[in-house]
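Enquirer: Got a structure for you, written out below as structure tokens; questions coming shortly.
The values are calculated or read from the model by the stated rules, or taken from the named source; none is laboratory data. Everything numeric here is computed off the predicted structure, so don't read it as measured data. Note: ideal-geometry Cβ built from the backbone for every residue, glycine included; neighbour counts use all protein chains shown. The area values use the complete protein model at the heavy-atom level, side chains included, leaving out ligands, DNA and RNA. Shrake-Rupley method; radii C 1.70, N 1.55, O 1.52, S 1.80 Å.
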Amino acid sequence: MKDIAAVIFDLDDTLLRSDKSISDYTLGVLKKCKERGIYIGVATARNELSAGSFIQVNDFDIVISNGGARVTIGEECIYKKMMSASTVRKIIDIFFEIGGNELTVETEEDYFWNYTTKPEGSWAHAKYNDFSNFNSPAYKITALLDTPELAQHICHEVDAIETLNFRGEKWRRFASIGADKVSAIREVTKYLGIGISEIAAFGDDYNDIEMLKAVGMGVAMGNAIEEVKTVAKYIALSNDEDGAARFIADNIL
């Protein structure tokens, strides 16, 4: 196995178990990484607020949030890629024109949602907004749409944005082109002075595919979708079996 300078994890269904916990075994492996001088980081679709408790507990060096639209190293934000207020407004207008109902918008300051049922848990911080007069730049929009074709229609109508799906869900993400995990990781390598070949990354979902293809050690979780397993260089045990931590213990540490 090659020398690794940084390990980066998706959160949900990757580093986190299905009950959203992190085992003592995994915590111990993360601590050993830091003791060895290996940077540890997360690359998550969550914003920093909803990922906050996991970030604080583990003292991650690198936080790639909003699906890659924002990168923080230590206390410094080194990269951000936001949609303009006019782009956000256009997406919202088209969404409602095609019969959409529920969506979320993540801005610099807050997380807004026109929820039909009040959110709980990691999303309890969401602020209600009906989006009728919404006018703010945003990192990303997630919209509840029945088919990928409806999401592609929005992308066709709005310049310089892209969309992706999440496994088993009808939520579709919209963000600026370049607001992705690979672009974020490239910014990390420039800032830290390391090569992308020196990074090990772990993931399970569609938004992890390009990340796993780009890094030196791309690892799919045992519970990953088949599209992720196909492109990964390695396959670990599942998230509920501490797959990422056990892979690191056996192959990196």
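Enquirer: With the checklist (1) without any contact (Cβ under 8 Å) to a residue 24 or more places away in the chain; (2) within 23 Å of ALA220 (Cβ to Cβ); (3) touching a Lys or Arg at 6+ places or on another chain (Cβ under 9 Å) in hand, flag the one item PHE60 doesn't pass.
Expert: (3)
Enquirer: Residues in the stretch 102-131 that are assigned to a strand (DSSP E or B) and among the basic types (Lys, Arg): how many?
Expert: Count: 1.
Enquirer: Residues of the stretch 63-81 being open to solvent by less than 60 Å² (accessible area, probe 1.4 Å), in contact (Cβ under 8 Å) with a residue 24 or more places away in the chain and not in a strand (DSSP E or B), which ones?
Expert: ASN66, GLY67, GLY68, ALA69
Enquirer: Search the stretch 4-24 for residues that are assigned to a helix (DSSP H, G or I) and pair each with any residue that is β-branched (Val, Ile, Thr) and buried (at least 17 other Cβ atoms within 10 Å of the Cβ) when their beta-carbon atoms are under 6 Å apart and the residues are at least 6 apart or on different chains.
Expert: LEU11/VAL42; LEU11/THR44
Enquirer: To continue, here is another question. Given the conditions (1) in a helix (DSSP H, G or I); (2) buried (at least 17 other Cβ atoms within 10 Å of the Cβ), and given that ALA224 satisfies all but one, which numbered condition is not satisfied?
Expert: (1)
Enquirer: Which ones in the stretch 1-31 are touching a strand residue (DSSP E or B) at 6+ places or on another chain (Cβ under 8 Å), hydrophobic (A, V, I, L, M, F, W, C) and closer than 12 Å to ASP240 by Cβ?
Expert: If the condition is that a residue be touching a strand residue (DSSP E or B) at 6+ places or on another chain (Cβ under 8 Å), hydrophobic (A, V, I, L, M, F, W, C) and closer than 12 Å to ASP240 by Cβ, then LEU15 is the only one that fits.
Enquirer: Considering the stretch 187-207 alone, what residues qualify as being over 22 Å from ALA138 (Cβ atoms) and not in a strand (DSSP E or B)?
Expert: VAL188, THR189, LYS190, TYR191, LEU192, GLY193, ILE194, GLY195, ILE196, SER197, GLU198, ASP204
Enquirer: Can you tell me which of PHE134, PHE96 is outside any helix (DSSP H, G or I), at pLDDT 95 or above and not polar (S, T, N, Q)?
Expert: The unique qualifying residue is PHE134.
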